[in-house]
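J.: One structure coming up, written as structure tokens, with questions to follow.
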Amino acid sequence: AQSVTQLDSHVSVSEGTPVLLRCNYSSSYSPSLFWYVQHPNKGLQLLLKYTSAATLVKGINGFEAEFKKSETSFHLTKPSAHMSDAAEYFCVVSVQAGTALIFGKGTTLSVSS
Amino acid sequence: GAGVSQSPSNKVTEKGKDVELRCDPISGHTALYWYRQRLGQGLEFLIYFQGNSAPDKSGLPSDRFSAERTGESVSTLTIQRTQQEDSAVYLCASSLYSGDSYEQYFGPGTRLTVT
């Protein structure tokens, strides 16, 4: 069975400091992994995806994530937080193209000035 | 181009009533998905349509939930005899099912409140 665990329900950072949102996955297959962001009253937007190519994946808005098979992790990072990064972030796994995505419970990122 | 659209954006209904939620996928996308997002939770898969294949209904929580899709266009999610636990945001997504393409594009959702 496939599952995703987001280790922090809420992360608070100051503007200009690094962001780390942690995600661990469980999968019997070689998964594809994603991070989606959801701003208040907005739809879900894909930040980045890993699909068995380079293990370090760069996404939009300066975010990146590294796939570590030995640790079954796919943590999301950004060197310097911006106020506009405040949102809900979801780590997502998919084991086959065209199948349903499996979402983590989400991490709320707060950014203070 | 136009993204996935959903209507209504908000729906308040009384317990026991039936509701219909609509999703218009991105033109040309063969796959369509419905998810439910309860307050403070991640998304739960409900149902998946791919072309003319039989839909994957494995995520539907009860027989009060059903969905239809006309060809590769509009889909309707119907909830009969609504209960308070059905209150959630219902999200629709579509994707261009093509080889390794996984990306699903999400609509803004319909917020359903059952009173």
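The values are calculated or read from the model by the stated rules, or taken from the named source; none is laboratory data. Just so it is clear, the model here is predicted, and its values are computed rather than measured. Don't worry about glycine lacking a Cβ; one is built from the backbone with ideal geometry, like all the others, and counts go over all protein chains shown.
J.: Out of curiosity, is residue A:38 closer than 30 Å to residue B:10 by Cα, modelled with pLDDT of 95 or more and crowded, with 19+ Cβ neighbours inside 10 Å?
T.: Details: closer than 30 Å to residue B:10 by Cα: yes; modelled with pLDDT of 95 or more: no; crowded, with 19+ Cβ neighbours inside 10 Å: yes.
Spelling it out, it is not the case that residue A:38 is closer than 30 Å to residue B:10 by Cα, modelled with pLDDT of 95 or more and crowded, with 19+ Cβ neighbours inside 10 Å.
J.: OK, next. Only one residue in A:17, A:99, A:108 is in a loop (DSSP other than H, G, I, E, B) and surrounded by 16 or more Cβ atoms within 10 Å (Cβ to Cβ), so which one is that?
T.: Numbers: A:17 fails: surrounded by 16 or more Cβ atoms within 10 Å (Cβ to Cβ); A:108 fails: in a loop (DSSP other than H, G, I, E, B).
None of the others qualify; the one that does is A:99.
J.: Here's something else I'd like to know. Of the conditions (1) surrounded by 13 or more Cβ atoms within 10 Å (Cβ to Cβ); (2) farther than 21 Å from residue B:115 by Cβ, residue B:38 clears all except one; give me its number.
T.: The failed condition is (2).
J.: Now a separate question. Between a first residue in segment A:9-37 that is at positive phi and a second residue that is among the aliphatic types (A, V, I, L, M) and assigned to a loop (DSSP other than H, G, I, E, B), which pairs have beta carbons less than 9 Å apart while being 6 or more apart in sequence or on different chains?
T.: Every condition considered, the pairs that remain are A:16/A:81.
J.: Here is a follow-up. Of all strands (runs of 3 or more DSSP E) completely enclosed by segment B:1-89, which ones contain at least 2 residues that are more than 14 Å from the chain's Cα centre (by Cα)? Before the answer, list the steps.
T.: On the way: elements: B:5-7, B:10-13, B:19-24, B:31-37, B:43-50, B:65-69, B:75-79.
Answer list for segment B:1-89: B:10-13.
J.: Which of (1) outside any strand (DSSP E or B); (2) within 19 Å of residue B:31 (Cβ to Cβ); (3) not aromatic (Phe, Trp, Tyr) does residue A:46 not meet, given it meets every other one?
T.: (1)
J.: Within segment A:74-96, take every residue that is part of a loop (DSSP other than H, G, I, E, B) and modelled with pLDDT of 95 or more and give me the one that is farthest from the other protein chains (Cβ to nearest Cβ). Show your work before the answer.
T.: Initially, segment A:74-96 is screened for residues part of a loop (DSSP other than H, G, I, E, B), giving A:79-82, A:86, A:95-96.
Now restrict to residues that are modelled with pLDDT of 95 or more: A:79-82, A:86.
Numbers: A:79: 25, A:80: 27, A:81: 22, A:82: 23, A:86: 17 Å.
So the residue we want is A:80.
J.: Return the residues of segment B:58-80 that are closer than 18 Å to residue A:96 by Cβ and in contact with a Leu (Cβ under 8 Å, 6 or more places away or on another chain); say none if nothing qualifies. Full working, then the answer.
T.: Residues of segment B:58-80 closer than 18 Å to residue A:96 by Cβ: B:58-59.
Once the filter is applied, which keeps residues that are closer than 18 Å to residue A:96 by Cβ and in contact with a Leu (Cβ under 8 Å, 6 or more places away or on another chain), segment B:58-80 yields only B:59.
J.: Against the conditions (1) more than 10 Å from every other protein chain (Cβ to nearest Cβ); (2) modelled with pLDDT under 90; (3) crowded, with 18+ Cβ neighbours inside 10 Å, where does residue B:1 fall short? Just the number, please.
T.: (3)
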